[in-house]
Amino acid sequence: MQTRRYGDGKGRTLFTVTSLALVLTVLGPSPGDAQETVADGTRVSLEYTVTLEDKTVFDSNVGKEPLVYIHGSEKRVPFFSKHLTGLKVEETKQFAMPPEDVYGPDDPERIIEVPKDSIPEDRRKVGEKLEGRSPEGRPLYAEVLEVKAETIIIDTNHPLAGETLFFDVHILKVETVTEQP
């Protein structure tokens with residue numbers, strides 16, 4: 001390796017390329033030089049916008065608090081985390097998720113008839129949106145399709161069942177995590 005000397009013009013050597021390389025090796029990269037890559041076990045902060053096929057924005061956190069999750073934990077965003085592996089800070093990615101990968105297809109078997117008294121009186125109108133919780137605590141959704149004399153026909157498919165979702169994701173921060181929550 002050849003050593004180059006850089007001086008101040010007065011005969012004094014200020015540094016050599018060899019010594020500068022040694023200093024950089026000892027100190028390591030400065031903060032911000034190292035870009036973490038989205039991988040299992042990293043904490044990822046991101047902005048996202050989700051649109052439907054007709055370009056309607058379904059959900060977005062742009063300009064709000066970022067979504068933060070542990071990549072690969074499958075607790076928060078398992079259905080799209082596979083699309084983010086390998087991205088770096090400030091990178092963006094657009095991708096589509098078919099119904100089978102998100103809320104499933106629109107299932108005609110989920111259109112059911114229930115006793116009228118099982119629906120609150122003020123919600124017994126066609127088009128009314130109903131929300132509840134399963135015994136396990138999962139959110140449940142339904143829409144009133146028809147009101148009969150003794151029963152009500154409701155659609156219990158998720159409101160986005162059968163929809164392809166289009167994601168636009170911007171990685172804000174990736175951190176190595178030493179402790180898993």
Problem set entry | Proximal charge balance of Glu131 [Cβ under 11 Å; K/R count +1, D/E count -1] | +1
Problem set entry | Difference of contour (0.36 nm per residue) and Cα-Cα distance, Asp59 to Asp122 | 19.9 nm
For this session: Classify the stretch 108-155 as rounded, prolate or oblate from the Cα gyration tensor: take a ≥ b ≥ c as the square roots of its eigenvalues, call it rounded if a/c is under 1.5, otherwise prolate when a/b beats b/c and oblate if not.
Result: prolate
For this session: Hey, can you grab everything whose amide H is under 5 Å from the amide H of Leu172? Only 5+ residues off in sequence or another chain; H modelled, so Pro and N-termini drop out.
Result: Ser45, Leu46, Glu47, Glu90
For this session: Between Thr92 and Asp40, take the C-beta separation as r, use R0 = 25 Å, and let me know the FRET efficiency to the nearest 0.05.
Result: 0.75
Exercise. Which residues does a label at Thr49 reach in the stretch 79-95, if reach means a backbone N under 14 Å from a point 7 Å past the Cα toward the Cβ?
Worked result: 92-95
Problem set entry | Relative contact order computed over the stretch 108-155 (Cα-Cα under 8 Å; 6+ residues apart), in percent | 43 percent
Exercise. What is the dipole size for the stretch 109-161, taken about its Cα centre, with +1 at each Lys and Arg Cβ and -1 at each Asp and Glu Cβ, in debye to the nearest 20?
Worked result: 120 debye
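No value in this document is a laboratory result; all are computed from the given coordinates. Quick caveat, the model's predicted, so the values are computed rather than measured. All Cβ positions, glycine included, derive from the backbone under ideal geometry; neighbour counts span all protein chains shown.
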